[in-house]
Amino acid sequence: MFFTRWSPWNDLQSEMSRLQSEVNRLFGRYGSADGKSGIPGYPPINIWEDEDQLFVEAELPGMELDDLEIYVNGGNQLSLKGERKQPGDNDGTWHRRERGYGKFARIVELPHLVDADQVNANFKHGVLTIMLPKQAASKPRKIEVKAE
Amino acid sequence: MSDIIKQETGANITPAERTRDNPTFTPRFDIFEKDDELILWGDLPGVSAENLNIDFEKKELTIHGRVMPRSSGTQCLMAEYGVGDFYRTFAIGESIDTEKISAELKNGVLTLHLPKTEAVKPRKIAVTAD
């Protein structure tokens with residue numbers, strides 16, 4: 001505190017970066033427009049469902065299906081593990097490094113109980129899609145209303 | 001940044017107006033310079049070779065990958081990223097032999113090889129002794 005001097009420039013800068021991150025959050029690819037803030041874990045995941053299945057999708061460009069470990073635990077937990085390796089060698093100069101590398105692990109809670117034995121995954125053009133059939137107990141049921 | 005790739009031009013130019021209602025994202029790229037070439041790696045998940053257009057015109061390299069919506073007709077439960085096209089432009093300097101630019105696409109990663117012209121390649125000068 002003793003050495004801190006007020007400077008309008010610093011103030012403006014931090015205000016600008018705050019504004020920038022706010023705008024990124026609202027309009028960026030990885031922001032959530034629904035108001036939930038925070039950066040998702042890696043890899044970002046999209047989940048959707050139809051009546052019988054849950055679909056979990058993640059973009060993992062540059063990986064092979066063999067480099068991935070996919071587990072379903074306890075019927076409603078999906079875990080994704082893997083490592084993305086960096087291309088190139090040491091014999092050159094990096095001008096830009098926007099892509100991330102390294103090991104990752106992510107566990108997501110699924111909104112339904114799934115049948116772990118029937119899970120299928122496919123990996124095409126760097127997009128992983130996992131199809132998880134819902135357990136019968138989790139499927140919507142039509143309730144018959146009897147008229148007297 | 002060397003002047004081989006001068007700048008990204010996405011912000012300065014207005015690309016042709018689009019006719020499809022699909023969001024467009026800027027793909028992430030790595031640029032690596034070697035003695036004889038520049039290598040660009042770009043993440044284009046979901047793009048197949050037939051949906052990828054790479055054009056070189058007026059010193060600009062344009063990368064446009066089209067991505068079809070993947071989850072239509074279903075109920076979305078969680079969306080942490082958007083799905084859409086990828087578009088990015090790089091300005092290429094004089095020192096690249098543009099005739100020899102090559103590209104490959106594997107598992108959603110585009111690798112672009114931009115060979116340097118002979119004039120800018122580093123050369124070892126042999127010293128002759130008497």
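Here, each number is a calculation from the coordinates, and none is a lab measurement. From a predicted model like this one, the values you see are computed outputs, not experimental measurements. Note: ideal-geometry Cβ built from the backbone for every residue, glycine included; neighbour counts use all protein chains shown.
Please order B:D85, B:D35 by the number of other Cβ within 10 Å, starting at the fewest.
Taking fewest neighbouring Cβ atoms as first place, the list is B:D35, B:D85.
Sorting A:R97, A:R141 on the 10 Å Cβ count, fewest up front, what's the list?
A:R141, A:R97
Do any of A:K81/A:K124; B:K34/B:K100; B:K59/B:K106; A:K85/A:K124; B:K59/B:K124 go past 23 Å between their Cα atoms, and which?
B:K59/B:K106; B:K59/B:K124
Residues with beta-carbon under 13 Å from that of A:G126, excluding A:G126: net charge, scoring Lys, Arg +1 and Asp, Glu -1?
Neighbourhood net charge equals +1.
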